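Accompanying notes for the structure given below.
The values are calculated or read from the model by the stated rules, or taken from the named source; none is laboratory data. This structure is a prediction, so every number in the text was calculated from the model and none was measured. FYI the Cβ positions are ideal-geometry reconstructions off the backbone, even for glycines, and counts take in every protein chain you see.
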Amino acid sequence: TAKIGGLGKFIGAATAADGRIVFAPYDANSVGVFNPVDSTFELVDITAQISEDWKFCGAAVAADGRIVFAPQHADGVGVFNPVDSTFVLVDIAAQISSDGKFTGAAEAADGRIVFA
């Protein structure tokens, strides 16, 4: 069972192609997925990839439908695939390793995800 802890469980959300809302984990150790059609909420455990606090802050939908999380204290970009509920952490420590990296994400016109 996935655990939700901390005060700021999620910060940021994006709508998947199927209409579900995907929440970016901040203090939570899981990605939150809410289905507004049947009012169900699912937690997808990501502790195998990352378990620190203040992980991500902001989410955007990539052109291929995956949800990208902007790293806050995480040393990687979070990428969630809503089709199969998989999560990957893409290491960016060589490019930027400080805390408080970004607080938002958006898809640019050319399909790239931009962090602010």
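Below, the figures for the structure above:
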read-out: Single unsatisfied condition, S39 versus (1) within 23 Å of T103 (Cβ to Cβ); (2) over 11 Å from the mean Cα position of the chain (by Cα); (3) of a type outside the set (V, I, T); value: (1)
read-out: Selected residue (criterion: surrounded by the most Cβ atoms within 10 Å (Cβ to Cβ)) from residues of region 61-80 that are touching a residue at least 12 places away in the same chain (Cβ under 8 Å) and over 18 Å from A28 (Cα atoms); value: R66
read-out: Tally, over region 88-110, of residues that are charged (D, E, K, R), touching a residue at least 40 places away in the same chain (Cβ under 8 Å) and not in a strand (DSSP E or B); value: 1
read-out: In region 60-85, the residues that are closer than 10 Å to I113 by Cβ and assigned to a loop (DSSP other than H, G, I, E, B); value: A62, A63, R66
read-out: Residues within region 10-54 that are without any contact (Cβ under 8 Å) to a residue 40 or more places away in the chain, in contact with a Leu (Cβ under 9 Å, 6 or more places away or on another chain) and either within 17 Å of D91 (Cα to Cα) or outside any strand (DSSP E or B) (or both), tallied; value: 4
read-out: Selected residue [modelled with pLDDT of 95 or more and either more than 23 Å from A106 (Cα to Cα) or under 14 Å from the mean Cα position of the chain (by Cα) (or both)] from A63, A2, A24; value: A24
read-out: Residue ID - surrounded by the most Cβ atoms within 10 Å (Cβ to Cβ), chosen from residues in region 36-54 that are of a type outside the set (A, V, I, L, M) and closer than 17 Å to T86 by Cα; value: D45
